[in-house]
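The values are calculated or read from the model by the stated rules, or taken from the named source; none is laboratory data. Everything numeric in this text was worked out from a predicted model, so none of it was measured. With ideal geometry, Cβ positions are generated from the backbone for all residues, glycine too; neighbour counts draw on all protein chains shown.
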Amino acid sequence: MNIILSLVFAALVGQDGTTAAPQLTPQQKQEVQRAQQQNQQKVISGPITLAASTKKKILEVRVGGVTTKRYEVAVGTKGHPTPNGTFTIRHIVWNPAWHPPDAAWAKGKKATPPGHPKNPMKVVKIFFQEPDYYIHGTGDEDTLGSAASHGCIRMSQKDAFALGRYIMDHAGAPKDDAWYEGVFSKGVSADIHLPKGVGFVVGP
């Protein structure tokens, strides 16, 4: 029998065989907590992957196939859809500059440096299909949960930072707080090529 169920059952059944309200001893409580931690560790072990739904407008982090984090995102419009498929994330740019793409919608727009208020690329660009498609932080956080981009996947700036750092930590390129503070305080970009690729599936 599962150790957690065994301990709970032992606490429920009295000496006379009748059931009572659960009264775990301190030692039993510790055993339950230890068993829960062991079970949780077993569940979340495995390779890290990402998955996004263009219909639900969510992005998930999965560990061993189990969803451990979920973020609300904005995706491409019907005229500029986010590409569906299976990709591998290998390239991240922190505090990116923005260069208008060679597209009709960007005609007349000017390039903006890292950290500039008018720069639409906030915090980080996480490429999944280079050079045109990536996950990035946005200043238009009211668009999250909708189809609003030109094909990229938008996240809140806080969530984009958390996701980018999580990927770095688990793909062989961990950095400490001082490194991130240095990138943003100096107003420069940091171009990172990950030692390990992270799988990313985009679907309806």
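Does the stretch 84-99 contain any residue that is in the same structural domain as S189 (by TED's automatic domain parsing), at pLDDT below 95, in contact with a helix residue (DSSP H, G or I) (Cβ under 8 Å, 6 or more places away or on another chain) and not in a helix (DSSP H, G or I)?
Residues of the stretch 84-99 in the same structural domain as S189 (by TED's automatic domain parsing): 84-99.
Add one more test, that the residue is at pLDDT below 95, and what stays is 98-99.
Among the residues that remain, those that are also in contact with a helix residue (DSSP H, G or I) (Cβ under 8 Å, 6 or more places away or on another chain) are: none.
No; the residues of the stretch 84-99 include none that is in the same structural domain as S189 (by TED's automatic domain parsing), at pLDDT below 95, in contact with a helix residue (DSSP H, G or I) (Cβ under 8 Å, 6 or more places away or on another chain) and not in a helix (DSSP H, G or I).
Give the stretch 157-172 a look and list any residue that's touching a residue at least 40 places away in the same chain (Cβ under 8 Å) and surrounded by 18 or more Cβ atoms within 10 Å (Cβ to Cβ), or say none. Result: D159, L163, G164, I167, M168, A171.
When you scan the stretch 164-176, do you find a residue that is assigned to a loop (DSSP other than H, G, I, E, B), more than 12 Å from the chain's Cα centre (by Cα), over 22 Å from T86 (Cα atoms) and basic (K, R), even just one? Can you show your working first?
Filtering the stretch 164-176 down to residues assigned to a loop (DSSP other than H, G, I, E, B) leaves 171-176.
Applying the additional criterion that residues be more than 12 Å from the chain's Cα centre (by Cα) yields 171-176.
Restricting the remaining residues to those that are over 22 Å from T86 (Cα atoms) gives 173-176.
Within this subset, residues satisfying the condition of being basic (K, R) are 175.
The answer is yes, given that some residue of the stretch 164-176 is assigned to a loop (DSSP other than H, G, I, E, B), more than 12 Å from the chain's Cα centre (by Cα), over 22 Å from T86 (Cα atoms) and basic (K, R).
When F128 is tested against (1) closer than 27 Å to S185 by Cβ; (2) among the aromatic types (F, W, Y); (3) not in a helix (DSSP H, G or I), only condition (1) is not met. Looking only at residues of the stretch 26-70 that are hydroxyl-bearing (S, T, Y) and at pLDDT 75 or above, we find that the one that is surrounded by the fewest Cβ atoms within 10 Å (Cβ to Cβ) is T67.
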